[in-house]
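Read-outs: derived from the displayed coordinates by stated rules, not from any lab. None of the values given here were measured: they were computed from a predicted structure. So basically every Cβ, Gly included, is an ideal-geometry build from the backbone, and we count neighbours across all protein chains shown.
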Amino acid sequence: MSDPRFSEWMAQQQQRAERALDAALPGATIAPSRLHEAMRYTTLGGGKRVRPLLAFAAGEVSKACTAALEAAACAVECIHVYSLVHDDMPCMDDDSLRRGKPTVHVQYDEATALLVGDALQTQAFDLLSAPGLFGDASRQLRALHTLAQASGSRGMAGGQAIDLGSVGKEISLAELEVMHLHKTGALIRAAVLLGGLAGDLNDEALRQLDQYAKCIGLLFQVVDDVLDATADTATLGKTAGKDAANNKPTYVSLLGLSESRKLAEELARQAEEAIATLGDRALRLREMARYIVSRQF
Ligand code: GRG
């Protein structure tokens with residue numbers, strides 16, 4: 001069972017993310033209202049908000065400015081939601097449920113789902129590029145560069161391409177790791193780094209955050225594979241076991257359940273070790289590592 005103070009912090013930060021996203025997205029009555037309504041439909045009121053929580057936790061280390069930190073957290077979540085909307089489309093995973101409700105192409109239509117993803121992606125950079133947001137323009141530029149790299153063909157979109165190319169093929173553990181470092185890990189790294197960049201940290205502290213985030217990105221995926229292999233559809237809010245059924249390689253299919261769980265524990269340990277010298281300010285990051293390794297959905 002997790003520390004009640006951490007659960008309280010998490011609930012507060014999830015509400016903070018929800019409020020910030022609500023304020024950041026265009027209103028549903030603003031034209032083109034169907035597109036804006038669909039963007040809000042898919043972004044608000046759901047999800048664990050792991051990426052904003054990681055940004056907020058890193059923001060405690062960097063003593064981040066609130067406006068920059070909340071914009072960074074929203075930007076990363078917008079990219080994440082865009083990826084889910086596109087990933088669910090018939091041309092990719094063809095899923096009809098996401099976060100317990102119909103996916104965007106089911107609730108609206110395919111063209112709207114495509115546009116929602118496109119618009120959320122652009123919204124992320126709109127938010128993060130607001131003039132004067134970071135106080136320090138060079139740090140803001142670095143944050144923008146970090147998010148762009150993490151989202152594109154050398155990050156998340158590239159990871160998705162590797163994933164699509166690996167369906168039905170035998171791949172090694174090293175290749176699986178490369179795929180997940182891109183597909184899931186890159187955006188998780190960006191979330192942590194943007195939390196660091198929203199405040200003032202030296203390069204060594206940013207390097208430590210990056211090392212932590214690299215472990216967390218893989219950890220998140222290993223746990224996701226374990227949950228996918230063990231939980232039922234109702235608990236996960238998505239189609240349990242779908243990756244295995246689709247002949248997609250997973251940590252569980254390559255390592256088995258028991259070794260996957262051991263790997264998750266080892267990655268959580270490495271993540272905590274990476275930030276050991278950052279002291280009390282990194283408490284929430286340490287707790288996030290524990291939360292991710294023991295999450296049940
Ligand atoms: C379409 C460019 C493009 C990329 C898609 C990340 C991704 C790449 C697709 C998501 C598909 C997926 C189910 C990946 C497995 C791990 C993962 C990212 C799960 C969803 O993230 P959570 O668990 O979701 O953080 P919530 O809903 O809690 O935000």
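Which one, Pro102, Pro32, Pro249, has the greatest fluctuation when you compute a Gaussian network model over the chain with C-alpha springs under 10 angstrom?
Pro32
Have a look at Tyr108, Ala150, Gln14 and report the one farthest towards the positive end of the charge dipole of the range 4-294, computed about the Cα centre with Cβ charges (Lys/Arg +1, Asp/Glu -1).
Among Tyr108, Ala150, Gln14, the one farthest towards the positive end of the dipole of the range 4-294 is Gln14.
As a check on your grasp of the helix formula, calculate [θ] at 222 nm for the chain: sum -39500 (n - 2.57) over DSSP H runs of n ≥ 4, divide by the residue count, round to the nearest 500.
Here the helix-only value at 222 nm equals -22000 deg cm²/dmol.
Is the C-alpha gyration tensor of the range 4-294 telling us rounded, prolate or oblate? Criteria: a/c under 1.5 is rounded; beyond that, a/b larger than b/c is prolate, otherwise oblate.
Taking the square roots of the gyration eigenvalues as a ≥ b ≥ c, the range 4-294 is oblate.
Tell me the relative contact order for the chain as a rounded percent, counting alpha carbon contacts under 8 Å between residues six or more apart.
After rounding, I find 20 percent.
Got the relative contact order for the range 1-113 handy, in percent, Cα pairs under 8 Å and 6 or more residues apart?
Taking the mean separation of contacting Cα pairs over the length of the range 1-113, I get 22 percent.
Which semi-axes, in whole Å and largest first, does the equivalent ellipsoid of the range 149-193 have when worked out from the alpha carbon gyration tensor as the square roots of 5 times its eigenvalues?
20, 11, 6
Could you line up Thr42, Thr103, Thr277, Thr112 from fewest to most neighbouring Cβ atoms inside 10 Å?
So the residues, fewest neighbours to most, are Thr277, Thr112, Thr103, Thr42.
Gaussian network model of the chain, Cα springs within a sub-10 Å range: biggest mean-square fluctuation belongs to which of Ala190, Ala73, Ala31?
Sorting by GNM fluctuation, first place goes to Ala31.
So if I take the centroid of the Cα atoms in the range 1-79 and the same for the range 133-197, what is the distance between those two points in Å?
19
Could you tell me which GluC sites (Glu not before Pro) in the range 153-204 are loop residues by DSSP with no more than 14 other beta carbons within 10 angstrom of their beta carbon?
In loop regions of the range 153-204 (DSSP not H, G, I, E or B), the sparsely surrounded GluC sites (Glu not before Pro) are Glu170.
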